[in-house]
Structures are given as structure tokens and as C-alpha cells.
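Worksheet for the structure shown next.
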Amino acid sequence: MRYLMLLPLACGLAAACGNPSGLTAYISNSDTTASLYALSGTPVSLPSGYSIPARQAVRTDAASAFDFAFDIDTAGRAVLLPSGALKLGRGSGLQITTQKFDSIKYAPTGNYILDSAVVVHDSTVIIAHSTLVTCSFGVATYYYAKLLVVAIDTTSGPTGRRIDLKILPDLNCGFRGLEAGLPRN
């Protein structure tokens, strides 16, 4: 959550981050990785959710907010669940794309799945948006991220029922740029 706390300082009152008036981004985009464990069939002490603003895997029972979670459905398929699918409000969204992870430059503004599970496989590329975030200048907007499914293990056991993701989030209020470095809006 440290990124949320930095927003007022980094954006400042005069700099409306992501504002269409041409102001620039302040946080450089970079890849991170995360391993999530299924909501069902794994110990609650393991992280099942991911928070885009915090750039980290989180325990769904202990986190105040997360943007999506991982589970394995009754058919044995790996699924990602936005907040609406978990009955936590329709704030976050997921969208599968056929584009390669490295070729995605911008997040789309629409067509996100808000309230149902998204079936994923190895090498699936997903674009996600967070729940609404209020910027220091008072505008509610989303953070965007692109995800690459690196590996899925649906077997039982101490390292099973897990998904490994490569994630590149853009933590600049209102910016949709999904390339490494400072994004363009």
C-alpha cells in the first residue's frame, strides 16, 4: 500500500497525474512477478489475491483491498476472479487479449469482465484495471496492468494449486501506458 500513500506527495496539488492537459507521469513502469495460490484447497496463510496499487500478492482474508484473485474451478480450470465475481463490488476488471505481452502499449478503456471468472492457461495475456483509486487532486480513476501467465500448477501438494504471473502495472493516476519506463497517456 506504500504507493497509495505516496500519491499526494508525488502528484502534488498542481500536478494532476494522468490529466489530459499534458502533464507527465512520475512513476516508472517495471515488471514484477507474483505467485498466487488457489482460494480453495490451499492454506489461508498463502496469498490468493493481487493488489495492483501495492504491486504485490496479498492474502484475501487479511488485505483491505485486492483487484483479482486466483482459484481453480470445479472443472479443474485455472481462473482469475475480478472483485465483482467475488461479490466485492464491480470495481476491478480483467480482459484476455491475443496480443503478446511485450507488444501491449496501452490499456483499453472498455470491454473488461467485471463480474465473472476468466479462464486462463499458460501464456495467457490479460489486461487488468484496479478498483477505483482517488488521486490527490480528487479524481477517481483506475490503475492498469498487463499480466502474463508464466505457469499454472493445478496439482495438490505444498507447491500446487498455484499460478505464476509476470505483471507490469502503471501506477500513475489515469495513465494507461503499459510499456517499461515512464508511460505516455
For the range 127-134, in residue order, the Karplus 3J(HN,Hα) values (coefficients 6.51, -1.76, 1.60; θ = phi - 60°; whole Hz; Gly and Pro = x) are 10, 10, 10, 6, 5, 4, 10, 8
Give the long-range amide H neighbours of THR60: residues separated by 5 or more places, or on another chain, with amide H under 5 Å away, using H modelled in the peptide plane at 1.01 Å from N. SER48, GLY49
Under 25 Å from LYS87, Cα to Cα: lysines that are on another chain or at least 8 residues apart: LYS146
Cα axis of helix 2-11 to longest principal axis of the chain: angle in degrees, 0 to 90, nearest 10? 20 degrees
Taking only Cα atoms and a 10 Å spring cutoff, compute GNM fluctuations for the chain and point out the largest among ILE163, ILE27, ILE126. ILE27
In nm², what is the average projected area of the convex hull enclosing the Cα atoms of the range 30-90? 4.5 nm²
For the chain, what D do you get in µm² per second when you plug the Kirkwood radius from alpha-carbon pairs into Stokes-Einstein at 10 °C and 1.306 mPa s? 96 µm²/s
Under unit Cβ charges (Lys, Arg +1; Asp, Glu -1), what dipole magnitude, rounded to 20 debye, does the chain have relative to its Cα centre? 220 debye
Given unit charges at Cβ for Lys, Arg (+) and Asp, Glu (-), the dipole magnitude of the range 67-115 about its Cα centre in debye, nearest 20, is 120 debye
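Give me the percent relative contact order of the chain, please, defined on Cα pairs under 8 angstrom at least 6 residues apart. Please list the in-between numbers first.
On the way: 469 pairs, mean separation 48.4, N = 185.
Reported relative contact order: 26 percent.
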Full-stretch length increase - LEU46, ASP115 - with 0.36 nm per residue and alpha-carbon distance subtracted: 22.5 nm
Taking the Cα centre of the chain as the origin and placing charges on Cβ (Lys, Arg +1; Asp, Glu -1), which of SER83, THR42, HIS121 is farthest toward the positive end of the dipole? SER83
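Values quoted throughout were computed directly from the atomic coordinates according to the rules given, and no laboratory measurement underlies them. Not measured: the values here are computed from a predicted model. Cβ coordinates were reconstructed from backbone atoms using ideal geometry, including for glycine residues, and neighbour counts include every protein chain displayed.
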